[in-house]
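**Q** Encoded as structure tokens, here's the structure I'll be asking about.
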Amino acid sequence: MRAALLIAMLGAAATTPAASRMSSIDKSKHNFFGPGERSPLPGMDVCQFCHVPNRLETAGSVPPLWDKAGKGHNAALSTPADPSGPPLALRWAGSTLRCLSCHDSTVSSINIVFRPSSVSLRFDQIADDGRRRDAARSTMRAPPEEWLASVMGNHPVGIPYPLALEPSEYRGYGPRATLLATGDWQPDPRTRGLKLFTDRSGFDVISGTAGVECASCHDPHGTPNKYFLRIPKERSELCLGCHRK
Amino acid sequence: MSTALLLSALLAQTQPMPDVRSTKHNLSSNSTNTVHAVSEDGVCVFCHIPHKAAKSKPVWNRDLSYQTSGLYNVYTSTTLDSNVGQPNGASKLCLSCHDGTLAIGSLLNNNLGPTTVQMANGVTTMPVGPRNLGTDLRDDHPVSMVPNVGSDPEIVVPPAGDYVQLKEGATPGVADSVQCTSCHDPHLPTYKFLVKSNTRGALCTTCHSKPGWIGSAHEQSMAAYPASGTQVVSDLACLSCHAPHNGQSPSRLLQTNNLSFGAPFPWNEENVCYSCHQSGGTGIDPGTGRGAPDIKTQMGKATHHPVELAVDQHQPVFTTHLPEPESVLNSNLHVECADCHNPHQVRPLPGNVHKGMKGISLSGATVIDNAAVDLKQYEVCFRCHGDTFATFIPPAPTRPPSGSNKRTEFQTTNGAYHPVAGAGRNQSSFLNNVLDAPDGQLKGNDWQGNRLSRSSTLLCSDCHNSEATNNVNGSARNSSAFPKGPHGSVNQRILRANMSFAVGSMNGGPPFGGYNTNNFALCFLCHDEQRLRGATVNRSNFYQPGNVSSGNGNLHNLHLVDKTNANCMECHYNIHSNVEAANTDYRNIPSGSPSHLINFAPTVVRFNGADPYYGDRPTKPRYGRNPSGQPYCLLQCHGSDKMNGTDSTYAPPSP
């Protein structure tokens, strides 16, 4: 009985997206050894490109454990698209700030906080990444033109989501009743495989405090879909996961 | 997950709402729309992309850099109080397809770079048609405009919570502008993507507050338009005359589309009205049993208000815009339907067909019809037929002196006038059918429904009206004819019945032959013919006991029938008043005292001799009172000098 249950559970787990994502970081472009490549360096694994062990004094206080010094974001991103919104310092926070620590186009190399002392990490030891190669390995890629002046041109992040069609307060944005007036939202994008966040530590994501970050649509640990998308973008299903248009 | 959340999620799954995918804006390869992609199956991507989008809100997947300053011709009008600049905000985004410049499939970013998605059916840019607005936006409702509600009480901002909302414009973060998205939500599976239904003008009137619209003829009409259609005028409301896009007029977005007849009429003002106001223009309103009044036929008659002569001369006079683009005192040579009627407020007869208009009062002041003031008909007529007569309706060989200043003619202090602005000066009992019923000299009812009497007033339209209204005596208002009004007539001078203007019998003028009732049909609608011809008891006040001529004590009969076969106009040349009596010398009749509308035709000749009462030699035909107060005439008729004063003195026994 117990074995049967276990098998059943395993079978179920094997078909869930969560199970298929487990090792997808290795196959993704976030494996800087090269998608599908194993680490050539003893004591260095793929996780350490982003995360630090919690014993390290450089570990950040906010999970996930990140370089405490962090990375700023490109000054170009200091111009908010919505001048009536809260300060960007409030909004470029949490997981989005982690993403921007590379994706704001200021990172000049794979700058790793923790590595074994025996390891000399050089660019050529990192599997070739097309985009870094194109950018002469100076930056992750040429700064996107649309980011030079402001964040405009990108879907907003660090914004509230009307989970359960209730106004949310998130990252300095007060409850936005006007968003609800349009009725253009899915009650819970999580049922469609997307992710919501809360800016209150220790709280579950509940209506009234829900928000959207980069990782609402993208899973940096890799997915079966293009562009680290949590669900396929085909037929606009991704957009329609939140937007009831 | 809370129970409510679960429930709503379940509902969302079991009852899928129609969304953007069911609209014309679904350009994906899965769409059945005419315009759709060959293979791209994304829907949102034709407009939105989450990264590398245009610097716009919302993120926009089309390169807007071609929208340089001055690309668009924007809306303008003489009654526009707001500034309309180049499109900004969301309107720029809409135009990136709807101005027909960029290919529909031209995207900033699809799979990490610029892409031109191939569209089926050979479509590249927006196909030619009403949805392709072009870059000339003068025929479209203005957008990217901060409404100037302060200067125009007929413009209001939409109330909070309304589906219609102002949107962000030039000022980031401030929703202060009319944009395409104020009226359209490009995702809505609704008619023309409207944010709410425009039935009965509900969408338009969110911002356009039109006083008097509710209850107006056009708001109330249940006539089908087009005639064979299922929609009625009151449901179409604003759209019966206005087109928010692709209007035919240079401004104010008027349309001449006659849905009953097919292709639009050529642009001119009256064709807007004729879209409905012609035979078969609408169906029958079950409430009234009639369709829209056929004014076009009226305007095609021999004499009519010449609305067809001018194009683009007229400016609104019922606007709240100041200064008025067109003076209420009209000196700009034209006449259009809207010079007499305010289509937003017009009431059907017996209501005020001039409701909401401006006019000129008897004293020359501007009068505005509103809840407190009911504009009088003559006040509308005075706009053109008053003080501007000299420039607006100049005297012409073909035009009798009826082109004179009617405002001065109808002053109630004048000695004689037809009683338009007040009761007449002739208060003789012989001019009062109340005292002499039922065969009074006046007959029929006045426009207010009372028996015509010496205290009645007239409407201009009691004489100037469609000939069809001569089926009743008295006021034309009481006629069952439809439509009524001074639009046009088969008779001269838009007269309601025939009237002979042939004068000059003295000097070889038209031969009159004998007396003919039809020559004076107009007059006899109110003035009883028998009273004018009765030899003895039935008579007018123009009477002399005894033997002016045997059996002809009734001097009207003597002139009309017995002796001269004269025309009414020989002696009552300007029937409106005695103010402009160029060929009449009034003797011993002080200015302003009753003078019985006697003013002689230009062809009447002066008496060639001295006045027997006063000894002077008049230079014009004379009408006067002798020192005893008895009226007399001094002139030549038919070569005779019988009108020599002493022989032409008359003394009614009971004035």
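The values are calculated or read from the model by the stated rules, or taken from the named source; none is laboratory data. All values derive from a computational prediction rather than experimental measurement. Here Cβ is always computed from backbone atoms with ideal geometry, including for glycine, and neighbour counts include all displayed protein chains.
**Q** If the Cβ limit is 7 Å and pairs must be 6+ apart or interchain, which residue in the stretch A:78-95 that is more than 14 Å from every other protein chain (Cβ to nearest Cβ) pairs with which residue that is of a type in the set (Asp, Glu) and buried (at least 19 other Cβ atoms within 10 Å of the Cβ)?
**A** So the pair list comes out as A:Gly94/A:Asp199; A:Gly94/A:Glu213; A:Ser95/A:Glu213.
**Q** May I ask you to say which residue of A:Val205, A:Val157 is in a loop (DSSP other than H, G, I, E, B), touching an Asp or Glu at 6+ places or on another chain (Cβ under 8 Å) and farther than 19 Å from B:Asn111 by Cβ?
**A** None of the other options fit; the residue is A:Val157.
**Q** What number of residues within the stretch A:193-245 are at the interface with chain B (Cβ under 10 Å from one of its Cβ atoms) and over 16 Å from the mean Cα position of the chain (by Cα)?
**A** Adding up the residues that qualify gives 12.
**Q** Something else about it: For the condition within 30 Å of B:Ala263 (Cβ to Cβ) and assigned to a loop (DSSP other than H, G, I, E, B), what is the one hit in B:Asn121, B:Asn132?
**A** B:Asn132
**Q** A further question follows. Taking B:Ala202 and the conditions (1) within 21 Å of B:Arg131 (Cα to Cα); (2) more than 20 Å from the chain's Cα centre (by Cα); (3) surrounded by fewer than 21 Cβ atoms within 10 Å (Cβ to Cβ), which numbered condition does it fall short on, given that it satisfies the others?
**A** Unmet condition: (1).
**Q** Among the residues of the stretch B:23-30, are any assigned to a loop (DSSP other than H, G, I, E, B), more than 14 Å from chain A (Cβ to nearest Cβ), over 21 Å from B:His245 (Cα atoms) and not aliphatic (A, V, I, L, M)?
**A** Looking for residues that are assigned to a loop (DSSP other than H, G, I, E, B), more than 14 Å from chain A (Cβ to nearest Cβ), over 21 Å from B:His245 (Cα atoms) and not aliphatic (A, V, I, L, M), one finds none in the stretch B:23-30, hence no.
**Q** Checking the condition surrounded by fewer than 17 Cβ atoms within 10 Å (Cβ to Cβ) and part of a loop (DSSP other than H, G, I, E, B), which residue from B:Thr78, B:Thr101 passes?
**A** Residue meeting the stated conditions: B:Thr78.
**Q** Being free of Cβ contacts under 8 Å to residues at least 60 places away in the same chain and not aliphatic (A, V, I, L, M) is the filter here, so list the residues in the stretch B:99-112 that pass it.
**A** B:Asp99, B:Gly100, B:Thr101, B:Ser106, B:Asn111
**Q** Report whether or not B:Ser56 is assigned to a loop (DSSP other than H, G, I, E, B), within 11 Å of chain A (Cβ to nearest Cβ) and at pLDDT 95 or above.
**A** No.
**Q** Now a separate question. Quick one: would you say B:Gly280 is on the phi > 0 side of the Ramachandran plot, part of a loop (DSSP other than H, G, I, E, B) and not hydrophobic (A, V, I, L, M, F, W, C)?
**A** yes
**Q** Just to verify a result, which residue in the stretch B:457-475, among those that are surrounded by fewer than 23 Cβ atoms within 10 Å (Cβ to Cβ) and among the β-branched types (Val, Ile, Thr), is nearest to B:His304 (Cα to Cα)?
**A** Among them, the one singled out is B:Val472.
**Q** Conditions: (1) at pLDDT 95 or above; (2) more than 26 Å from B:Thr320 (Cα to Cα); (3) in contact with a helix residue (DSSP H, G or I) (Cβ under 8 Å, 6 or more places away or on another chain). B:Asn110 meets all but one. Number of the miss?
**A** Just one mismatch for B:Asn110, condition (1).
A quick yes/no check of all residues on (1) surrounded by 17 or more Cβ atoms within 10 Å (Cβ to Cβ); (2) within 17 Å of B:Pro58 (Cβ to Cβ):
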site: A:Ala164; (1), (2): yes, no
site: A:Tyr170; (1), (2): yes, no
site: A:Gly174; (1), (2): no, no
site: A:Leu196; (1), (2): yes, no
site: A:Asp204; (1), (2): no, no
site: A:Thr209; (1), (2): yes, no
site: A:Ala215; (1), (2): yes, no
site: A:Tyr227; (1), (2): no, no
site: A:Ser236; (1), (2): yes, yes
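**Q** Being among the charged types (D, E, K, R) and out of contact with any His (no Cβ under 8 Å at 6 or more places or on another chain) is the filter here, so list the residues in the stretch B:108-153 that pass it.
**A** Once the filter is applied, which keeps residues that are among the charged types (D, E, K, R) and out of contact with any His (no Cβ under 8 Å at 6 or more places or on another chain), the stretch B:108-153 yields B:Asp136, B:Arg138.
**Q** Going residue by residue through the stretch B:35-53, is there one that turns out to be closer than 30 Å to A:Leu165 by Cβ, part of a helix (DSSP H, G or I), at pLDDT below 95 and small (Gly, Ala, Ser)?
**A** There is no residue in the stretch B:35-53 that is closer than 30 Å to A:Leu165 by Cβ, part of a helix (DSSP H, G or I), at pLDDT below 95 and small (Gly, Ala, Ser).
Results for (1) under 25 Å from A:Leu100 (Cα atoms); (2) at pLDDT below 80; (3) assigned to a loop (DSSP other than H, G, I, E, B), shown as yes or no for each residue.
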{"position": "A:Asp26", "(1), (2), (3)": "yes, no, no"}
{"position": "A:Pro40", "(1), (2), (3)": "no, yes, yes"}
{"position": "A:Met44", "(1), (2), (3)": "yes, yes, yes"}
{"position": "A:Gln48", "(1), (2), (3)": "yes, yes, no"}
{"position": "A:Asn54", "(1), (2), (3)": "yes, yes, yes"}
{"position": "A:Glu57", "(1), (2), (3)": "yes, yes, yes"}
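**Q** Return the residues of the stretch B:234-260 that are farther than 24 Å from B:Phe193 by Cβ and either of a type in the set (Val, Ile, Thr) or without any contact (Cβ under 8 Å) to a residue 12 or more places away in the chain (or both); say none if nothing qualifies.
**A** Selection gives B:Thr256 alone.
**Q** Please tell me if B:Leu108 is within 23 Å of B:Leu80 (Cβ to Cβ), within 14 Å of chain A (Cβ to nearest Cβ) and crowded, with 19+ Cβ neighbours inside 10 Å.
**A** no
**Q** Here is a further query. Would you confirm, using the coordinates I've provided, whether B:Ser209 is in contact with a Phe, Trp or Tyr (Cβ under 8 Å, 6 or more places away or on another chain), of a type in the set (S, T, N, Q) and loosely packed, with under 15 Cβ neighbours inside 10 Å?
**A** no
**Q** Next up: B:Gln118 is checked against (1) at pLDDT 95 or above; (2) within 14 Å of chain A (Cβ to nearest Cβ); (3) surrounded by fewer than 16 Cβ atoms within 10 Å (Cβ to Cβ) and fails just one. What number does that condition carry?
**A** (2)
**Q** Determine the pairs where a residue that is surrounded by fewer than 20 Cβ atoms within 10 Å (Cβ to Cβ), located within the stretch B:32-44, has a partner that is of a type in the set (S, T, N, Q) with Cβ atoms under 6 Å apart, the partner being 6 or more residues away or on another chain.
**A** B:Val38/B:Gln118; B:Ser39/B:Ser29; B:Asp41/B:Ser28; B:Asp41/B:Ser29; B:Asp41/B:Asn30
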